[in-house]
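Step one of this worksheet: look at the structure below.
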Amino acid sequence: MTLDELLLEWSYRSERGYPSLDNPSDISVLKRILKELNLPEGEIDELVDDLEEKRGDEDGNNKIDGMDGGSGEDLPGKPKFQSTSTNNNANYSYTSPSFTKDDLINLISTTDISDKELENIAKNISSLVFTTPITNYLAQVAQESNIDGGSIRLFKELIEKYDIQQEFAEYIKNPVDLDISKNNFTDSIPSLPADKLKILFRSMPTTIIGNVSVGPGEVLFSILFKNVKKRDSKGDLDIGNLNVEVKASIGAAKKAEMEKGADAGAVVAKGYGRGAWSSTRKTGEFDTFVSGLGMSEENTDDALKLLDASLKWPLKTASIYDIFTKDENFNKETFIRGFDSVLRRIYHKSSFIPSGMHFNLDSYFNEQDFNSKEFEIDIARELIQAYKDHEGFDGMLYLNRSGDMKFFDNKAIIQSIGTDIIIKSFSDDVPRLLFRGHS
């Protein structure tokens with residue numbers, strides 16, 4: 001590893017994106033990197049102690065190359081390095097310092113190194129032909145797509161762990177575009193082994209940047225495909241000329257356990273409660289609504305008990321309406337007016353109550369029944385419409401952890417709710433939408 005590469009790696013791992021000798025955490029990071037390079041513990045401690053002693057001159061400036069303009073020439077007992085790296089926004093290029101091969105041979109010859117340590121050094125040197133271009137490529141991708149250093153480091157560790165460094169180094173010479181019409185993202189990259197790409201995908205975690213959740217697809221696709229860039233706002237990814245939201249899908253029901261929960265589904269809404277039914281119950285004042293219907297005491301008690309049932313709340317509402325239709329004080333309009341007030345309190349940021357582009361409250365009621373299924377579908381359509389208008393995206397890419405994917409443009413999203421896209425859960429303000437077409 002060259003000095004430039006060491007500084008780059010140290011920068012990736014540091015808290016602020018650049019290392020500081022005044023930060024104990026950054027010093028610990030440096031020690032870990034040097035240990036990974038198989039340097040003896042004694043030499044690591046000696047080197048770090050020397051750096052800390054020389055961390056500031058009379059003006060308080062650091063003297064380590066790459067930090068606050070220092071040259072690094074004062075490191076005791078070490079060869080004199082002259083950094084010749086260049087770095088601009090369009091390209092990254094790191095050239096070797098003035099430490100020659102003869103210097104390296106001499107250093108190895110005069111240092112007490114075990115056979116195992118020599119084996120590791122040989123492995124590191126032989127891998128430079130592909131690790132160096134990978135490091136440069138990932139540095140550029142991280143900048144262009146604002147990918148956090150932790151995700152970049154994990155990706156580098158994974159391609160080494162699964163032995164595809166050399167293949168990836170060859171691939172990035174001419175990366176391909178993601179074709180969202182394919183059934184699986186690996187179909188776009190025939191030059192890389194599909195099984196290992198899927199393992200990479202499943203191994204990349206969801207991260208939280210600020211208050212934004214960033215999924216594995218957003219990171220991995222930004223790394224792999226030349227036409228994909230991760231966005232800071234207004235949608236998740238730019239894929240070619242499309243702004244795309246990425247939503248998780250568990251695929252077929254048989255994969256539910258693998259995907260960590262059969263209730264998985266995409267939340268597609270902005271500004272509404274995404275938590276417990278108790279919060280929606282309180283916001284909508286369901287108890288007051290039920291008590292105000294004027295039913296008999298027995299029917300009122302039975303209806304209030306339904307609010308504690310393990311059902312989606314539109315189904316709770318349908319069951320309460322069924323009780324009301326059998327009460328001597330039944331009046332359809334009384335129920336609709338009361339329920340209208342409930343919905344206005346829940347969806348206080350929207351204007352689709354009592355009717356909107358896709359929703360019409362009166363249409364779900366007759367003298368015997370409340371059609372909760374159509375009610376759910378139409379609310380989901382209204383919330384997606386508002387979400388789309390707010391975010392300005394062109395469509396949604398449903399993606400499961402096997403890499404299967406399905407793209408819906410905005411028109412297809414609305415049309416597919418209730419058929420290809422189902423409502424899996426509706427326990428709070430927001431219905432969960434699940435694409436179950438993956439087999």
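Going through the cross-link list Lys156/Lys424; Lys156/Lys247; Lys229/Lys270, which pairs have a Cα-Cα distance over 27 Å in this structure?
Lys156/Lys424
Which stretch or stretches of the stretch 133-166 have amide N atoms under 14 Å from the point lying 7 Å from Ile199's Cα along the Cα→Cβ direction?
Label zone hits: 157-166.
Would you work out what percent of the accessible area of the stretch 340-439, with all protein chains in place, is carbon or sulfur (probe 1.4 Å)?
Answer for the stretch 340-439 is 41 percent, counting heavy atoms of protein chains only.
Put a dot 7 Å past each Cα toward the Cβ at Leu104 and Gln415; how far apart are the dots in nm?
That separation, rounded to one decimal, is 6.0 nm.
Give the value in nm², to one decimal: projected area of the alpha carbon convex hull of the stretch 299-439, averaged over all directions.
Taking the Cα atoms of the stretch 299-439, their convex hull projects to 9.6 nm² on average.
What FRET efficiency, computed as 1/(1 + (r/R0)^6) with R0 = 41 Å and r the Cβ-Cβ distance, is obtained for Thr111 and Asn174, rounded to the nearest 0.05?
0.50
So if I restrict to the alpha-carbon atoms in the stretch 99-196, what is the Rg, and what is Dmax, the biggest pairwise distance, in Å?
Rg, Dmax (Cα atoms, Å): 17.5, 59.
Suppose R0 equals 25 Å; then what is the FRET efficiency for Asn23 and Glu46 from their Cβ-Cβ distance, rounded to the nearest 0.05?
FRET efficiency, Asn23 to Glu46: 0.80.
Starting from the 7 Å offset along Cα-to-Cβ, what nm value, one decimal, do you get for the label separation of Leu37 and Ser351?
6.3 nm
Along the Cα-to-C-beta direction of Asp187, a point sits 7 Å from the Cα; which residues of the stretch 403-417 have their amide N less than 17 Å from that point?
Residues 403-409 qualify, since their backbone N sits under 17 Å from the label point.
Can you give the extra length, in nm with one decimal, that the chain gains between Glu167 and Asp308 once fully stretched, where that is 0.36 nm per residue apart less the Cα-Cα distance?
45.1 nm
Is there a pair in Lys161/Lys226; Lys316/Lys373; Lys173/Lys226; Lys196/Lys406; Lys35/Lys101 whose C-alpha atoms are over 18 Å apart, and which pairs would that be?
Violating the 18 Å Cα-Cα cut-off are Lys161/Lys226; Lys196/Lys406; Lys35/Lys101.
The values are calculated or read from the model by the stated rules, or taken from the named source; none is laboratory data. As the structure is a computational prediction, the values presented were derived from the model and not from experiment. Neighbour counts are summed over all protein chains in view; Cβ atoms, including those assigned to glycine, are modelled from backbone coordinates with ideal geometry. Just so you know, the surface numbers come from the protein's heavy atoms only, side chains and all, with ligands and any DNA or RNA stripped out. Shrake-Rupley method; radii C 1.70, N 1.55, O 1.52, S 1.80 Å.
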